[in-house]
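Notes follow the structure.
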Amino acid sequence: GNSVTQMEGPVTLSEEAFLTINCTYTATGYPSLFWYVQYPGEGLQLLLKATKADDKGSNKGFEATYRKETTSFHLEKGSVQVSDSAVYFCALSNTGNQFYFGTGTSLTVIP
Amino acid sequence: NAGVMQNPRHLVRRRGQEARLRCSPMKGHSHVYWYRQLPEEGLKFMVYLQKENIIDESGMPKERFSAEFPKEGPSILRIQQVVRGDSAAYFCASSPPGLAGVETQYFGPGTRLLVL
C-alpha cells in the first residue's frame, strides 16, 4: 500500500541553522511527492513538489529531491528564519484524488 | 481572497452526541475533500464530493459518518453518536471545477474535535 513516514518532532533550531526533515515513503508505481506547510491558525499550503525520480522541488529556500533508490524526499533549508516556524507535512499521491500524509513535524525557530 | 473556511475551529462533544463540521470551499471551487488526522497519525483521506454528489467515499468509516455538499451552502461532515476515538483534527480541501486532483487542492485550517 501507500504510506509516508516522517521524522518525529518537535524540532527546535536557532535562526540561520540548517534544517533537514526526513521523509520516506512506500508506494506502488511512481507516486508524486509533496511537502506541505501549516502556519499557526492556517490551512495546509503546498510548499513544493516533485513528480518523478531525481526531480528537485524548491520554493522559498526549501528543497527536496525525489530519491527513488532510497524512497526518500527529505526537506532541507540552508538557513532557517523565525518565520519558518510551522508544521511540515510530507505527502504522496498515487491516484487522482487522494493524498497520503505523514504525521507532520513541528518546527520552532528561535532568534 | 478568502481561502477554504472551516467552522467551528474547535468542537467539544460528549459521547453519544452528534458533531457537525462545516466547510466552505474557496470561491468558484466545486470539489470538496475531507481528511481526518488522528493523534500521532498523518492525515487520511475520507471522502471526495462534488456539488450534490459523493464521488469517492472509500475512506469513510462505514457507520455513523456521513458527508454532503448541497447545491447551496457549505459541505457538512456529520458524525452521529460520537465516541472518544472520533477525537481528531478534520481538514477540508477544495479544488476548482475541471481540475480535480491532489495538486489543485487548497486546505482549510481544520476543525479540532474533542469527545469527552
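A short reminder: the numbers here are calculations on the coordinates, not readings from a lab. Computed from a prediction, not measured in an experiment: that's the story for all the values here. Neighbour counts are summed over all protein chains in view; Cβ atoms, including those assigned to glycine, are modelled from backbone coordinates with ideal geometry.
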Quick one: which of B:31-43, A:7-19, A:23-35, A:61-73 comes out on top by average Cβ neighbours within 10 Å, and what's the full order, highest first?
B:31-43, A:23-35, A:61-73, A:7-19
Could you tell me how many cubic angstrom of Cα convex hull volume chain B has per residue?
98 Å³
Computed over chain A: relative contact order in percent, which uses C-alpha pairs under 8 Å that are six or more apart:
37 percent
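In percent, how large is the relative contact order of chain B, given Cα pairs closer than 8 Å and 6 or more residues apart?
36 percent
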Check cross-link reach from B:K44 to the aspartates and glutamates: straight Cα distance under 19 Å, and skip same-chain residues fewer than eight apart.
A:E8, A:E42, B:D56, B:E57, B:E63, B:E68, B:D86, B:E103
Within 10 Å of each Cβ in B:104-111, the average number of Cβ atoms from other chains
4
Where the only charges are on Cβ atoms (+1 Lys, Arg; -1 Asp, Glu), what is the dipole of chain A about its Cα centre, to the nearest 20 debye?
320 debye
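Quick one: if you take sqrt(5λ) for each eigenvalue of the C-alpha gyration tensor of chain A, what semi-axes come out, biggest first, whole angstrom?
Square roots of five times the eigenvalues give 23, 14, 12 Å.
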In square nanometres and to one decimal, what's the mean projected area of the convex hull around the Cα atoms of the protein assembly as shown?
12.6 nm²
For B:K71, which lysines qualify as cross-link partners when the Cα separation must be under 17 Å and same-chain residues fewer than eight apart are set aside?
B:K27, B:K51
Neighbouring partner chain Cβ atoms per residue of A:99-105, average, 10 Å criterion:
6
